[in-house]
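Enquirer: Sending over a structure as structure tokens; questions will come in a sec.
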Amino acid sequence: MTPLETTTEPAAASLHVSTPPHIRQKGEVPAIMLSVIAALSPAFIGALFFFGIKALLLTIVCIAAAAATERLICLAIKKPSTAGDYSAVVTGMLLAFSLPPALPLWMGVLGSLFAVAVVKMAFGGLGNNFMNPALAGRAFLLVSYPAAMTHWSAPLHGTIHGLSHGLDGISSATPLTYFKNALASGNFHPLDFQEALPVLWGGNVGGCVGETSAVLLIVGALYLWYKHIIGLSIPALFIGTVFLLSWLFNGTGYFFTSEALIVPFYQVLAGGLILGALFMATDPVTTPITSAGRIVFGIGCGALTFALRKWSGAAEGAGFAIILMNCCTPLIDKCVKPRRYGEVKKGERHF
């Protein structure tokens, strides 16, 4: 064939190279987000039972504010609306789950605005945010309005601390704060907290809207695992690290007694650890891409959560631990790289 001749054969498809997220089929992102919403539904139903109309209103307001913020920003920058992928709904729902039920509704709107406008859309939208938007919104509200963010109300059908009666000299507070106050006052006896463990498992205690019921959160996460949307390595290492460190530093002087085991189980079931480990630390955008990197990420989240709970002034630490490890994700990806195909290390024999 001469250079001037032409061919009727179709041209080979060119390789399209782009930044993540990589959409492989139409509707994949909306389908995933709808699955996440479905997985959060058991905990949402539980929140309605535990906290009533306050939980419903706060969740609706956060979702509406997040979706409206994303829609308005897309209009302002003349970009096709991304509200149809339901990611803003998930952000609003997760934010509401991490807020006190009695929080003023306008604060929920402000937190959603910060989460979507500053943390998500300012960096390019879905797939480009460097930390979990819902956790960032919660951290913003906690720093801006600490009194409102630490004002808790008892569930409709139980006690705020999960115990049938309070401990002498300790004011009423959520389970983690109650535990920390008992340590600080010298009135700490692990067996006093034993009766709270099944209550923490069920969720009929004070706390944030969607974090109190471990069993309902686990049911939702198992559905996502079944759908291959999340893996179990990060949650297992996250929760396992907190359990192990809480067991080693249980404060009783023993390791194989019932008192020594109550402490780690209480630390795992109380607070936002289960919610954070299953639904926020597993965000594929803000976590490492390699298996080894995810191991580092999960252990790091667990170690930071334990350290913040034990040595900081706050009783909770899971949210800030995830945010800090989100910031470390680029470094983890840089340091923990898979071997390139065909690569031979120095001194390694190649057959």
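Enquirer: Out of the stretch 172-198, which residues are crowded, with 21+ Cβ neighbours inside 10 Å and farther than 19 Å from Ala260 by Cβ?
Expert: Within the stretch 172-198, Thr174, Thr177, Tyr178 meet the criteria.
Enquirer: Among the candidates Ala270, Ala292, Ala307, single out the residue that is assigned by TED's automatic domain parsing to the domain that holds Val242 and at pLDDT 95 or above.
Expert: Residue meeting the stated conditions: Ala307.
Enquirer: So the check is Cβ under 6 Å with 6+ separation or different chains; which pairs have a first residue in the stretch 192-218 that's farther than 16 Å from Gln267 by Cα and in contact (Cβ under 8 Å) with a residue 24 or more places away in the chain and a second one that's of a type in the set (Val, Ile, Thr) and part of a loop (DSSP other than H, G, I, E, B)?
Expert: Close Cβ pairs satisfying both conditions: none exist.
Enquirer: May I pose another question? Is it true that some residue in the stretch 245-260 is in a loop (DSSP other than H, G, I, E, B) and under 16 Å from the mean Cα position of the chain (by Cα)?
Expert: no
Enquirer: Follow-up question, since we're still on this one. Any chance you could count how many residues in the stretch 175-185 are under 24 Å from Leu48 (Cβ atoms) and modelled with pLDDT under 85?
Expert: The total comes to 0.
Enquirer: Now for a different question. Quick test for you: out of Leu222, Leu237, pick the one residue that is under 22 Å from Asn326 (Cα atoms) and outside the structural domain of Cys62 (by TED's automatic domain parsing).
Expert: The match here is Leu237.
Enquirer: May I ask you to list the residues in the stretch 120-132 that are crowded, with 24+ Cβ neighbours inside 10 Å and assigned to a helix (DSSP H, G or I)?
Expert: Residues satisfying the conditions are Lys120, Met121.
The values are calculated or read from the model by the stated rules, or taken from the named source; none is laboratory data. A quick note: this is a predicted structure, and the numbers were derived from the prediction, not measured. Heads up, the Cβs are rebuilt from the backbone with ideal geometry, glycines too, and the neighbour counts pull from every protein chain shown.
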